[in-house]
Amino acid sequence: MLAQMTSGLDFHSKALVLRAERQRIIASNIANADTPGYVARDINFKEALSQMTGASSAELSRVTLQASNSASPGTTNPRHMALSGLSQSELSGATAGYAVQSQPSVDGNSVDLDRERASFVDNSVRYESTLRFINGSAKGILSAIQGQ
Amino acid sequence: MSMLSIFNVSGSAVSAQSQRLNVVASNLANVDAVAGPDGKAYKSRQVVFQTVPMGGDATAGVKVNNITESQEPGKRIHNPNHPSADADGYVNYSNVNPVEEMVNMISASRSYQNNIEVMNTAKTLLLKTLQMGQ
């Protein structure tokens, strides 16, 4: 029952982590707006999220499999519970692509500052909305627990 | 806490841009400087930015790699009465182009503001994240 209640929360928490990651990448682009030869990066949020939710369910099944067999890596006792948190490599890296240059510049910098600023604002609004979804479902679960 | 590294990234950019502003200020201050007894006038300086990887794959800060001196010839004005005039009666001025420096200054201050705004937004989001579930 609780697993069903918290599955939406789980999804939103993954989206939140991904939004934070994108925020960081856009911040890097804005920081390097004047660096010669810097190539702007960005992530395809839709693909990244579907990849992340797929990966974590696969990881979850692997973890439960390992827990039934023996101690999973990172634990020192078979009775330890494995953390199903996402590894750093899963979050970043593979999903970050390179932005296409809209107005080529002589110094090879491909940051379009207007686009980056727009993406930054868009991403922060979406981050906040995800946060509200999480807060809303947390409140729902809490009121269900308290029964008031 | 991947959002916390935004402060490192934008902070490095802010410090690089402020160094650029410093260089612009010293160029503008020396715009009318004449050559000293050694015959060498002030040379306009420019910062060179470089990307610094910070933690993650796509996370990159910025730093000032080096400061170059422009090798353009400076102004030479014929004024034999000037105390710093050379043997031919010419005064060597610095090679600072004030228009270029003003443009550089505006660009640096806009980039500075952008990065401050990024840090403010990240701070707001982190504070809201801290209040999650309350």
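Quick note: the coordinates plus some simple rules give every number you see, no bench work behind them. Being a predicted model, the structure only gives us computed values, none of them experimental. Cβ coordinates were reconstructed from backbone atoms using ideal geometry, including for glycine residues, and neighbour counts include every protein chain displayed.
Straight-line reach from A:Lys139: taking Cα to Cα under 20 Å and skipping same-chain neighbours fewer than 8 places apart, the lysines in range are A:Lys14, B:Lys128. A simple rule links phi to the HN-Hα coupling: the Karplus curve 6.51 cos²θ - 1.76 cosθ + 1.60 with θ = phi - 60°, which for segment A:138-146 gives 5, 5, x, 5, 4, 5, 5, 5, 6 Hz, with x for Gly and Pro.
With K and R counted +1 and D and E -1, the other residues having a Cβ less than 13 Å from that of B:Gln134 yield a net charge of +3.
For chain B, what does the helix formula give at 222 nm: sum of -39500 (n - 2.57) over DSSP H segments with n ≥ 4, over the residue count, nearest 500 deg cm²/dmol? Intermediate values should be presented prior to the final figure.
On the way: 2 runs with 58 residues, N = 134.
About -15500 deg cm²/dmol.
Other residues within the sphere of radius under 11 Å centred on the Cβ of A:Arg19, judged by their own Cβ, net out at +1 (K and R +1, D and E -1).
Regarding segment B:83-134, what whole-number volume in Å³ per residue does the convex hull of its Cα atoms give?
87
Give me, ordered by chain and number, the residues 5 or more places off A:Val111 or on other chains with an amide H under 5 Å from its own placed amide H. Amide H to amide H, under 5 Å and 5 or more residues apart or across chains, A:Val111 pairs with A:Ala40. Annotation: amide H of B:Ala33 within the under-5 Å range of B:Ser94, sequence separation 5 or more or interchain, hydrogens built in the peptide plane. Computed on segment B:52-98, with alpha-carbon pairs under 8 angstrom and 6+ residues apart, the relative contact order is 27 percent. Within the same chain, aspartates and glutamates fewer than 8 places from B:Lys43 are excluded, and of the rest, those with a Cα less than 20 Å from its Cα are B:Asp32, B:Glu69, B:Glu72, B:Asp86, B:Glu100, B:Glu101.
What does the net charge come to around A:Glu128 if you take all other residues with beta carbon closer than 10 Å to its beta carbon, with K and R at +1 and D and E at -1? All intermediate terms of the calculation are to be shown ahead of the outcome.
Numbers: positive: A:Arg19, A:Arg126, A:Arg132, B:Lys128; negative: none.
After counting each charged neighbour, the total is +4.
Using alpha carbons only, what's the Rg to Rh ratio of chain B with Rh from Kirkwood? List each step's numbers first, then the result.
Values: Rg = 21.6 Å, Rh = 17.6 Å.
So for chain B, dividing Rg by the Kirkwood Rh gives 1.22.
First measure r as the distance between the Cβ atoms of A:Ser143 and A:Val39, then evaluate 1/(1 + (r/R0)^6) with R0 = 45 Å and state the FRET efficiency to the nearest 0.05. Result of the calculation: an efficiency of 0.40. The aspartates and glutamates within cross-link reach of B:Lys63, meaning a Cα-to-Cα straight distance under 14 Å and a gap of 8 or more places when in the same chain, are A:Asp34.
At a temperature of 20 °C and a viscosity of 1.002 mPa s, determine how fast the protein assembly as shown diffuses translationally according to Stokes-Einstein, using the Kirkwood radius over alpha-carbon pairs as Rh; express D in µm²/s, rounded to the nearest whole number.
Numbers: Rh = 22.6 Å.
Taking Rh from Cα pairs, D becomes 95 µm²/s.
Report the antiparallel proportion of the DSSP beta bridges in the protein assembly as shown as a percent, rounded to a multiple of 5. If you can, show how the numbers build up before the last one.
Details: 16 of 16 bridges.
Antiparallel: roughly 100 percent of the beta bridges in the protein assembly as shown.
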